[in-house]
1. In this structure, does residue 74 turn out to be under 23 Å from the mean Cα position of the chain (by Cα) and either within 15 Å of residue 34 (Cα to Cα) or within 8 Å of the ligand (Cβ to nearest atom) (or both)?
2. Where residues in segment 77-106 are part of a helix (DSSP H, G or I) and of a type outside the set (A, V, I, L, M, F, W, C), which of them is nearest to the ligand (Cβ to nearest atom)?
3. Among the charged types (D, E, K, R), more than 30 Å from residue 173 (Cα to Cα) and within 16 Å of the ligand (Cβ to nearest atom), is that true of residue 49?
4. How many of the residues in segment 186-225 are under 27 Å from the mean Cα position of the chain (by Cα), of a type in the set (S, T, N, Q) and surrounded by fewer than 17 Cβ atoms within 10 Å (Cβ to Cβ)?
5. Given the structure, is residue 78 hydrophobic (A, V, I, L, M, F, W, C) and within 12 Å of residue 106 (Cβ to Cβ)?
6. Looking at segment 140-172, which of the residues that are modelled with pLDDT under 95 and in a loop (DSSP other than H, G, I, E, B) is nearest to the ligand (Cβ to nearest atom)?
7. Taking residue 130, is it small (Gly, Ala, Ser), in a loop (DSSP other than H, G, I, E, B), at pLDDT 95 or above and within 14 Å of the ligand (Cβ to nearest atom)?
8. When the residues of segment 2-56 are narrowed to those that are surrounded by 11 or more Cβ atoms within 10 Å (Cβ to Cβ) and among the acidic types (Asp, Glu), which ends up farthest from residue 153 (Cα to Cα)?
Amino acid sequence: MKFDVLTLFPEMFDTLNSSIIKRAKEKNLIEINLINIRDFSKDKHKHVDDTPYGGGAGMLIMPDVVYDAYNSVKSENAKVIYLSPKGKVLNQNKVKELAKSQHLILLCGHYEGIDQRVLDEIVDEEISIGDYVLTGGELPAMVLIDSVSRYVEGVLSKDSTNEESFSESKENLLEYPEYTRPLEFRGKMVPDVLTSGNHKEIEKWRKEQSLITTYKKRPELLSEEQKKEAIKLINKK
Ligand code: 4GY
């Protein structure tokens, strides 16, 4: 999977040189190319922005430089995504869908944004990572790269993809609580069932805990049926 990122601040993406994403790049499972929009400036002072027609605060990135940056990376099967608070809010289903693409071009705005004409010309999809305003599209682009890369074959261990299929795709529930050594921490014990060796019981307990956790923290994720079930489980204790 190839990500081409059009940005004025490529150095912000240094943070993708750690951990799982670093390893995915080293294994050539994903490729992340950073294209500095400033390299496509039309003047010797490397200007890329100008004041908005009609007045108002701040600067806008000019359309021609963005268009030329796009033309330097475009491909037949590429999907162009603009990260912006006006977009549809990203969720796990959208992440999975994007992971099927071979080539994503991520356009990052900064300052007051980008001239609308080039957005209308090249953008296939506008995506937001949540209803709040950032200083640029770079952090959202990194969020998208990170979340999508997890679905690229080989990036996660087989184990984690299996584990996940329960809480993410089977029922869309939150994760159950997990415990490791020591067996006792500040007077609190690890739940008995987890040390019982009874794998059927452990699976049942985890399923119940997922439902209870989701009910307590994010009840809006549950159907009426699931909420009734959660209440039953909570009263059982
Ligand atoms: N939220 N989700 C977001 C954002 C900042 C000016 C356009 C968000 O995706 N992007 O807040 N972006 C703005 C800054 C240019 C992007």
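The values are calculated or read from the model by the stated rules, or taken from the named source; none is laboratory data. It should be emphasised that the depicted structure is a prediction, and the values quoted were computed from it without experimental measurement. Neighbour counts are summed over all protein chains in view; Cβ atoms, including those assigned to glycine, are modelled from backbone coordinates with ideal geometry.
1. Working: under 23 Å from the mean Cα position of the chain (by Cα): yes; either within 15 Å of residue 34 (Cα to Cα) or within 8 Å of the ligand (Cβ to nearest atom) (or both): yes.
Spelling it out, residue 74 is indeed under 23 Å from the mean Cα position of the chain (by Cα) and either within 15 Å of residue 34 (Cα to Cα) or within 8 Å of the ligand (Cβ to nearest atom) (or both).
2. Applying the first criterion (part of a helix (DSSP H, G or I)) to segment 77-106 yields 92-98.
Right, trim to of a type outside the set (A, V, I, L, M, F, W, C) and you get 92-94, 96-97.
Details: 92: 16, 93: 17, 94: 13, 96: 19, 97: 17 Å.
The qualifying residue nearest to the ligand (Cβ to nearest atom) is 94.
3. Working: among the charged types (D, E, K, R): yes; more than 30 Å from residue 173 (Cα to Cα): yes; within 16 Å of the ligand (Cβ to nearest atom): yes.
Yes; evaluated as a whole, the condition is true for this residue.
4. Residues flagged as under 27 Å from the mean Cα position of the chain (by Cα), of a type in the set (S, T, N, Q) and surrounded by fewer than 17 Cβ atoms within 10 Å (Cβ to Cβ) within segment 186-225 amount to 1.
5. Numbers: hydrophobic (A, V, I, L, M, F, W, C): yes; within 12 Å of residue 106 (Cβ to Cβ): yes.
Answer is yes for this residue.
6. Taking segment 140-172 as the starting set, the residues that turn out to be modelled with pLDDT under 95 are 157-172.
Subsequent filtering for residues that are in a loop (DSSP other than H, G, I, E, B) retains 157, 171-172.
Details: 157: 30, 171: 28, 172: 22 Å.
Only one residue fits best here, namely 172.
7. On the way: small (Gly, Ala, Ser): yes; in a loop (DSSP other than H, G, I, E, B): yes; at pLDDT 95 or above: yes; within 14 Å of the ligand (Cβ to nearest atom): yes.
The answer is yes for residue 130.
8. It comes out as 50.
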